[in-house]
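In what follows, a structure is listed as structure tokens, so that the remarks can point back to it.
The values are calculated or read from the model by the stated rules, or taken from the named source; none is laboratory data. Since this is a predicted model, take the numbers as computed values, not measurements. Because the Cβ atoms are built from the backbone with ideal geometry, glycine has one as well, and the counts that use them run over all protein chains shown.
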Amino acid sequence: MIRLWLKRGMKAIVAAVVVAVAFGTWTPSARSQGVEAEELSADALRREIQFLGVMHQLGVTAEQRMKAAQAIEAFEQQAEALRKRSEPPELLSALKQVRDALVRGQEPTDQMRAALEAAQPPDDGSLDKAFDEARGQVLKELTGILTEDQQTQLQLIALFGAAQDVIGMCLRSREVSAEEGQDMRLHGLAELRADLKQAAGPEADRVLADFQSLINRVSAMTPEQVAQQREQLAGQIVTFLKDTLDKNPQMAADRLQDQLWEFVTDPQTARLLRESAKAMGAQ
């Protein structure tokens, strides 16, 4: 069933990342920092296009975009309140006095050190707990806003990106000496291998061997062959990754939350979602 779904949906997955291929890999943190669209640099505009392209391919509605923007904005307000609690005015003042003394090339006085120590907020774990709760809440809300199909597609887009990393590593391994290439193929993509091993459990050795065989097969192809068959190869790798990683449902859920957390931690996501929602007619 997974393979049939992937076969039917691969063109949509490719379309969802084609903008990223054209403009470079999308990384949320690299987007603009709070400036209006007409003032954005070309690089920032490209990255916003990539993000909006993914939202379009997922079919995220105006209402969903507005709800997501509101959820992220609420989290940002909570995070800012927690930041202020962790950085009270007296702490900032004490830190500034120590900094100014060091700027002048002087040793901070005992009084400065004492003031700095006294200004430290209590380390009772309450702030960390409050932040974790706020994080869990926004991720729960965002997950609930997306349909199950949208969640699956979002995960597949990430797996498609991983497949492109595998293909790229295989091509790079051909550009170095045979020994270096073999080392790249054996030890490259360590984080992905670790995820596969954890998800496969008792079948880890077989799965990793199959993964290595897949890598070796792609590496044996010429760049021209890879170019001609890239979409097919990516689909095969995505199918392999999904079949394996989905053996551990908790890991699949964690991967989705990691993707959503990237959206939350980008300071531009809420603004962009709200702007888009309004442009699409949301109130």
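Values computed for the structure shown
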read-out	value
Spans of helices (runs of 4 or more DSSP H) in the stretch 104-223 with at least 1 residues within 26 Å of the chain's Cα centre (by Cα) and either closer than 30 Å to Glu63 by Cα or of a type outside the set (D, E, K, R) (or both)	126-145, 148-173, 178-187, 190-200, 204-219
Ala81 being in contact (Cβ under 8 Å) with a residue 24 or more places away in the chain and part of a helix (DSSP H, G or I)	no
Boolean, Ala81 is out of contact with any helix residue (DSSP H, G or I) (no Cβ under 6 Å at 6 or more places or on another chain), surrounded by fewer than 15 Cβ atoms within 10 Å (Cβ to Cβ), hydrophobic (A, V, I, L, M, F, W, C) and closer than 30 Å to Gln283 by Cβ	yes
Selected residue (only one of Ala279, Ala234, Ala190, Ala194 is loosely packed, with under 14 Cβ neighbours inside 10 Å, farther than 30 Å from Glu141 by Cα and not hydroxyl-bearing (Ser, Thr, Tyr))	Ala190
Counted residues, the stretch 124-176 - those being closer than 30 Å to Val218 by Cβ and of a type in the set (Lys, Arg)	2
Criterion: under 30 Å from Ala282 (Cβ atoms), acidic (Asp, Glu) and in contact (Cβ under 8 Å) with a residue 24 or more places away in the chain - qualifying residue of Glu63, Glu90, Glu148, Glu133	Glu63
Leu260 being in a helix (DSSP H, G or I), touching a Lys or Arg at 6+ places or on another chain (Cβ under 6 Å), surrounded by 20 or more Cβ atoms within 10 Å (Cβ to Cβ) and modelled with pLDDT of 95 or more	no
Among the residues listed as Ala62, Ala74, Ala69, the single one being at pLDDT 95 or above and crowded, with 17+ Cβ neighbours inside 10 Å	Ala69
Search result, residues across the stretch 93-122 that are surrounded by fewer than 14 Cβ atoms within 10 Å (Cβ to Cβ) and aliphatic (A, V, I, L, M)	Leu102, Val103, Ala114, Ala118
Tally, over the stretch 193-239, of residues that are of a type outside the set (Lys, Arg) and over 21 Å from Ala253 (Cα atoms)	28
